[in-house]
1. How many residues are more than 24 Å from Ile143 (Cα to Cα) and either in contact (Cβ under 8 Å) with a residue 24 or more places away in the chain or buried (at least 17 other Cβ atoms within 10 Å of the Cβ) (or both) when one looks only at segment 70-96?
2. Quick one: is Arg174 in the same structural domain as Gly15 (by TED's automatic domain parsing), over 16 Å from Asn90 (Cα atoms), over 16 Å from the mean Cα position of the chain (by Cα) and surrounded by 13 or more Cβ atoms within 10 Å (Cβ to Cβ)?
3. Only residues that are more than 15 Å from the ligand (Cβ to nearest atom), within 18 Å of Asn90 (Cβ to Cβ) and of a type in the set (A, V, I, L, M, F, W, C): list them for segment 30-49, please.
4. Anything in segment 136-158 that is of a type in the set (A, V, I, L, M) and either in contact with a His (Cβ under 7 Å, 6 or more places away or on another chain) or part of a strand (DSSP E or B) (or both)? List them, or say none.
5. Can you tell me which residue is farthest from Gln123 (Cα to Cα) among those in segment 55-69 that are surrounded by fewer than 24 Cβ atoms within 10 Å (Cβ to Cβ), within 16 Å of the ligand (Cβ to nearest atom) and not acidic (Asp, Glu)?
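The values are calculated or read from the model by the stated rules, or taken from the named source; none is laboratory data. None of the values given here were measured: they were computed from a predicted structure. Ideal geometry is used to build each Cβ from the backbone, glycine not excepted, and the neighbour counts take in all protein chains shown.
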Amino acid sequence: MTALAGYNALITGGGRGIGAASAVALAEAGAKVSVAARNENQVVEIAADLRESGYEAFAFRCDVTDPRQVRELALSATEAMGRVDILVNNAGTATSNPLPKITLAEWQHILNVNATGTFLCTQAVWEGMVERRWGRVVNVASIAGLDGDKYISAYTAAKHAVVGFTRAIAAEGRAKGVTVNAVCPGYVDTPLTDETIARIMHLTGKSWQESLTSMLEQVGQPRLIRAHEVADAIVELCLEESSGRTGEIVVLDGSESL
Ligand code: NDP
């Protein structure tokens, strides 16, 4: 598929999990891609793998919570690719704790990475998209952005912020050629979910499989979603023919069994 040939995509948190799968899917769809994360090794490896497969790919180190680093990322990605047409705000992190145990530092960190990072990165590429009257912003939120569950209040608040930001900025991009959408997956098979399962094992003494089963049962999810399923949904929102789709919140809850 070369539907995105001629377009350039920047993916935050592109070193592993959903971000890496999105970089691969966008490259396979024809886009040039730039991947960014704090850990340079992982993004460098993803970009090198993509180049080896014949795609154009670049890697940058960036902490999305730092406004200066985000501005530099937007400049470097623009320099490398020519411009940024597609932004996937995927960088994110999660913790779980009952309310009395959440420290202010933890709360602020979760809000900063998931919500403020999304704001900063979008702002950094927005004006170029508006000037060219073409842009796609896809925010990776979560079903936690639409619902509430125990022990993940900071993450839930942050992802609700991402969903609200998506709807508001979609209104700003309307009639300017820039679409803004969010994907809201349930549990996805990524290193972040592995950390969650490890935490449940540690707290309950259950095996990996028992912990996974109880985690999925709690949210009524029949199976883990695969990262490439989320990536495919992201690519779809970036296509030329998706120009009429904005302000959408696309839920992937794994309810379709494989
Ligand atoms: P992973 O932990 O596997 O990957 C997260 C990526 O984000 C890594 O590349 C990480 O790299 C990067 N990252 C984390 N913090 C920062 C930061 N401050 N600045 C820049 N990059 C950062 O997570 P997933 O792939 O599972 O998650 C990706 C997104 O999907 C997140 O927004 C998450 O909330 C969301 N999501 C995940 C679900 C799941 O079940 N896994 C379900 C629903 C939503 P590095 O550490 O090197 O910076």
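1. Just the residues of segment 70-96 that are more than 24 Å from Ile143 (Cα to Cα), to begin with: 70-85.
Going one step further and asking which of them are either in contact (Cβ under 8 Å) with a residue 24 or more places away in the chain or buried (at least 17 other Cβ atoms within 10 Å of the Cβ) (or both), we end up with 70-71, 73-74, 76-78, 80-85.
Residues meeting the conditions: 13.
2. On the way: in the same structural domain as Gly15 (by TED's automatic domain parsing): yes; over 16 Å from Asn90 (Cα atoms): yes; over 16 Å from the mean Cα position of the chain (by Cα): yes; surrounded by 13 or more Cβ atoms within 10 Å (Cβ to Cβ): yes.
In short, yes.
3. Initial filter on segment 30-49 (more than 15 Å from the ligand (Cβ to nearest atom)): 30-32, 48.
Now narrow it down to the ones that are within 18 Å of Asn90 (Cβ to Cβ): 31-32.
Ala31, the sole residue that qualifies.
4. Step one: filter segment 136-158 for residues of a type in the set (A, V, I, L, M), giving 137-138, 140-141, 143-144, 146, 152, 154, 157-158.
Val137, Val138, Val140, listed by residue number.
5. We begin by selecting, within segment 55-69, every residue surrounded by fewer than 24 Cβ atoms within 10 Å (Cβ to Cβ); these are 55-56, 58, 60-61, 63, 65-69.
Cutting the leftovers down to within 16 Å of the ligand (Cβ to nearest atom) gives us 58, 60-61, 63, 65-69.
Still in the list and also not acidic (Asp, Glu): 58, 60-61, 65, 67-69.
Values: Phe58: 21, Phe60: 18, Arg61: 18, Thr65: 13, Pro67: 10, Arg68: 12, Gln69: 13 Å.
Result: Phe58.
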